[in-house]
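Chemist: Sharing a structure, written as structure tokens. Questions coming.
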Amino acid sequence: MMVSAEFMNAKDATLPDRCRDLTGIDTSAIDGKMLKSYNIGGVQKAIPMAQRVTGMVVNTTLLENEGLSLPQNTQEFLSVLAALKEKGYTPIQGPAGKVYAELTQGEVNTALCTDMEFLESARAGGQMAADRLVSVFGLLDIIRDNGYTDEDLNVSLPEDNYDGAILNFFEGKTPFWICDTEKVSGMKKRESKSEAFQSAPFEYGFVYVPFDEMGSYVYQEPWFGFAVNRDAADPEYAMEFLRFLATRQEIDTMAKVKGVPSVVVDTVQADIYRDVESPEAMADRVVNTGTITPEITAKWYSVTRAYMDGAYDSPEAAARDFLSAVE
């Protein structure tokens, strides 16, 4: 059976108990950090299919034509956004309900997963955590106040951020489209559906949002996985399938056919993800092993959207509201 990243925080707490122990399956081809996401109490309960990463698709041809380089840190990113705005572009685009959260959740989720002082402060509703979140909202203020994104345009994009958003990107006028790798998986097959792209094709790639002075906050989680129902009629058939699936060739092929980043160790990722597995990114990557709950994710989406709508009196009020979801 298929499981999602919510498996780690399943509302039905008995779900992991209903999955067979997969510890005996050879998973040496799979990234250990990804495997840990589905390891419950020291028992491997599921095998990740691929990676889900939030970031942005970049029209690299557009940047090159405008004499700009791919930004590598916050200041470079803001400088590129300013240059694109000056040239008449709306640099950052994405559906209004997602774009603000997905621009910034890398920093927030990475801090919750790696900075114990921040996590403890967040759980206690402390000032240290609130202050760091205020700085994140400050970045959103810069993006909004300088016109680096456009509310009306974002509202016009489909909230599922899929078919219509992909075709909008293929019009060739979007420098940075905020999305996750599940959305990227649908791009290749839609190239032929876009008259604009067919008449004027361009190069594009997926990168992390460079909202850090040293680069990007690299937060990853599994994109679905396979488990075996303990009460299945023929569990050995299912186990044998997972033994087959967990081999380097099969699980790598599945990810590449689906168009999402592979979980195979030392694989050569599809060209669109060439920057996702860079040595610099890999050195600082964080994989969620349960700290980031569905409630935390949903709260960040709702708070960032409400903040940009002016629903809070101050950035600190928005920060405090978000912290109420961290347990």
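The values are calculated or read from the model by the stated rules, or taken from the named source; none is laboratory data. This one's a predicted model, so the numbers in the text were calculated from it and none came from an experiment. Positions of Cβ are generated from backbone atoms using ideal geometry, with glycine treated the same way; all protein chains shown enter the neighbour counts.
Chemist: From the residues in region 185-227 that are under 11 Å from the mean Cα position of the chain (by Cα) and not in a strand (DSSP E or B), which one is farthest from F244 (Cα to Cα)?
Modeler: For region 185-227, the residue satisfying everything is V209.
Chemist: Restrict the check to region 14-34 and report whether at least one residue is assigned to a helix (DSSP H, G or I), outside the structural domain of R305 (by TED's automatic domain parsing), of a type in the set (A, V, I, L, M, F, W, C) and under 24 Å from I251 (Cα atoms).
Modeler: Yes: region 14-34 contains one or more residues that are assigned to a helix (DSSP H, G or I), outside the structural domain of R305 (by TED's automatic domain parsing), of a type in the set (A, V, I, L, M, F, W, C) and under 24 Å from I251 (Cα atoms).
Chemist: List every residue pair whose Cβ atoms lie under 6 Å apart, where the two residues are 6 or more positions apart in sequence or sit on different chains, the first residue falls within region 31-60 and is among the aromatic types (F, W, Y), and the second residue, located anywhere, is not in a strand (DSSP E or B).
Modeler: Y38/K45; Y38/A46
Chemist: Do we have any residue at all in region 12-19 that's touching a strand residue (DSSP E or B) at 6+ places or on another chain (Cβ under 7 Å) and without any contact (Cβ under 8 Å) to a residue 40 or more places away in the chain?
Modeler: Checked region 12-19: at least one residue is touching a strand residue (DSSP E or B) at 6+ places or on another chain (Cβ under 7 Å) and without any contact (Cβ under 8 Å) to a residue 40 or more places away in the chain.
Chemist: While we're looking at this one, here's another question. Please determine whether any residue of region 95-109 is crowded, with 19+ Cβ neighbours inside 10 Å, modelled with pLDDT under 95 and within 19 Å of V80 (Cβ to Cβ).
Modeler: There is at least one residue in region 95-109 that is crowded, with 19+ Cβ neighbours inside 10 Å, modelled with pLDDT under 95 and within 19 Å of V80 (Cβ to Cβ).
Chemist: Here are some conditions: (1) small (G, A, S); (2) surrounded by fewer than 16 Cβ atoms within 10 Å (Cβ to Cβ); (3) under 21 Å from the mean Cα position of the chain (by Cα); (4) assigned to a loop (DSSP other than H, G, I, E, B). A298 meets all but one. Which one does it not meet?
Modeler: Among (1) small (G, A, S); (2) surrounded by fewer than 16 Cβ atoms within 10 Å (Cβ to Cβ); (3) under 21 Å from the mean Cα position of the chain (by Cα); (4) assigned to a loop (DSSP other than H, G, I, E, B), the lone unmet condition for A298 is (4).
Chemist: Determine whether L62 is part of a helix (DSSP H, G or I) and either crowded, with 16+ Cβ neighbours inside 10 Å or out of contact with any strand residue (DSSP E or B) (no Cβ under 8 Å at 6 or more places or on another chain) (or both). So that I can check it myself, show each step before the final result.
Modeler: On the way: part of a helix (DSSP H, G or I): yes; either crowded, with 16+ Cβ neighbours inside 10 Å or out of contact with any strand residue (DSSP E or B) (no Cβ under 8 Å at 6 or more places or on another chain) (or both): yes.
Answer is yes for this residue.
Chemist: Determine which member of the set A82, A111, A130, A101 is part of a helix (DSSP H, G or I) and over 16 Å from F211 (Cβ atoms). Quick ask: steps written out before the conclusion?
Modeler: Values: A82 fails: over 16 Å from F211 (Cβ atoms); A111 fails: over 16 Å from F211 (Cβ atoms); A101 fails: over 16 Å from F211 (Cβ atoms).
Answer to the selection: A130.
Chemist: Looking at region 234-243, is at least one residue outside the structural domain of V136 (by TED's automatic domain parsing), in contact with a strand residue (DSSP E or B) (Cβ under 7 Å, 6 or more places away or on another chain) and under 17 Å from F206 (Cα atoms)?
Modeler: The answer is no; no qualifying residue exists.
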